[in-house]
1. Could you give the Stokes-Einstein D for region 1-115 in µm² per second, using the C-alpha Kirkwood radius, 10 °C, 1.306 mPa s?
2. Please list, ordered by chain and number, the residues whose modelled amide H lies under 5 Å from the amide H of residue 57; skip anything fewer than 5 residues away on the same chain.
3. Ratio to report: Rg/Rh of region 181-224, with Cα atoms as the point set and Rh obtained by the Kirkwood method; give two decimals.
4. At q = 0.09, 0.10, 0.16, 0.21 Å⁻¹, what is the log10 ratio I(q)/I(0) for region 134-287, with the Debye formula run over Cα points and no solvent?
5. Would you order 143, 305, 137 from fewest to most other beta-carbon atoms within 10 Å of each residue's own beta-carbon?
6. Hey, what number do you get for the chain at 222 nm if only DSSP H runs of n ≥ 4 count, each worth -39500 (n - 2.57), divided across all residues, to the nearest 500?
7. Can you give me the three principal axis dimensions of the chain from its C-alpha atoms, in Å, biggest first?
8. Using Cα centres only, tell me the gap between region 67-88 and region 101-140 in whole Å.
Amino acid sequence: MPDLGFEMRNVAPDEFVQWVTVESRAYGNRLADDPEMLRPHFDLERSIAVFDQGKIIGGAHSHRVEMSIPGESAMIAGVANIAVQPTHRRRGVMTRMMRHQIHDIHERGEPLAALFARESVIYRRFGYGIGSLHERYVIERQYNAYARTHDTPGRIVFVDPAEIAEKLPEVFRRNTMDRPGVFQRPPHQWERDSQAPEHKQGGPGGLFYAAYEDGGVVDGYVTYRTSGTTLVVNELMATTREACAALWRFCFDTDLMDRTEAVRRPLDDPLPWMLADPRRLERSTRDGLWVRLVDVPASLEQRRYMQHDRLVLEVRDDLCPWNDGRFELEGSPEGATCRATGSSPDLVIDVSDFASAYLGSVSFTTLSQAGLVDERTPGSLLRADGMFAVRHQPWTPCNF
Ligand SMILES: CC(C)(COP(=O)(O)OP(=O)(O)OC[C@H]1O[C@@H](n2cnc3c(N)ncnc32)[C@H](O)[C@@H]1OP(=O)(O)O)[C@@H](O)C(=O)NCCC(=O)NCCS
């Protein structure tokens, strides 16, 4: 990497506004709000700024967030605010920041990092792999019948936005607790959503919250808005199959709407299987979260495994020399140990692809068919699939 001659360091408190202004520029925005309102959301000790002749031209940030991993939850580095202003693009500034940041996260003892990518072509080179995927659904009104009737004894009620922080987080938690890739929305975010200015404005475009209640217990909710004659489901969380059937039915049957659209559904959502004419559900898939195994053995020891087994994995990692080697993993539903070894490997894998298999987004067999895993011991792909299997597909319904 050529030395660009640019200084790189943390942001000083009096440089904060300049730093967020550069980020806005990179995204093609002007800072609308008072930038000081953003300050509490940043830990400047975890900030990176790159300077050209004393002026900030690029930046990045990370903060500790809790993410679910198979069988556990982990404190990870949530990477965000990666930006290089247009005057300095494609001169290696981001590359320098990303390398520096991964080393910094490693020194902090955080074994995993994650980010949301604006462009899916960028982050693989830094060892990130697709951690979760999601689907967008569209279905026309005339095709939304269910294959069988559902007994839904509860009722749908509207929830006042002022009450969502009290009524809905528990449903979100119960619906997602056994699923990798989820960030629990923190209380201040529920509070902020409940105070959103759009709840006060008149006319179309506002968000509605509707819940399914049975016996006085909220078992599910949907957050939606309308756009012309489309009802757009932002979030639908159901902890029982009755709540699931009732909430989708509620969306499908709302008057004046010709179609329902849903963003960010999990890949193993039951809805396609509930429909009488499933081909009419238009589905498109895209990457959600990107994950980085910053410390391979520590991250492998953090998750749980579906089946007890032992494997030697050879990991290729150009950026993090401490990961580039062979590791013996012994894992089970109770826990795992992982240590460096000189034994010959069962599987050879790049750290970015390993991140996808780690969270459960893809099997080792599929990676092998894509030419991304080398099976050195016959049968080890299948054994790895059995070990790393997850009950629910990774899903990231909301950002950190
Ligand atoms: C994306 C961004 C951070 C890249 O910064 P940069 O300093 O220009 O990146 P680099 O020069 O270090 O590029 C590293 C590599 O990534 C590639 N790359 C960078 N941005 C890319 C993009 N948007 N699309 C495709 N490839 C990209 C470069 O071509 C380069 O490839 P190479 O190593 O094969 O030559 C910067 O353009 C930006 O801030 N864009 C707007 C905001 C944004 O999208 N941020 C990312 C949010 S996830």
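Bear in mind that the values in this text are calculations on the coordinates, not laboratory data. What you see is a predicted model; the values in this text were computed from it and never measured. Positions of Cβ are backbone-derived with ideal geometry, glycine not excepted, and every protein chain shown enters the neighbour counts.
1. Numbers: Rh = 14.8 Å.
For the chosen part, D equals 107 µm²/s.
2. So residue 57 has HN proximity to 50, 51, 52.
3. Numbers: Rg = 13.0 Å, Rh = 12.5 Å.
Rg/Rh for region 181-224 comes to 1.04.
4. -0.28, -0.34, -0.94, -1.59
5. Working: 143 15, 305 23, 137 19.
Starting with the residue having the fewest Cβ neighbours, the order is 143, 137, 305.
6. On the way: 11 runs with 94 residues, N = 400.
Using -39500 (n - 2.57) per qualifying helix, the result is -6500 deg cm²/dmol.
7. If we take the Cα atoms of the chain, the spans are 61, 57, 34 Å.
8. Region 67-88 and region 101-140 have Cα centres separated by 7 Å.
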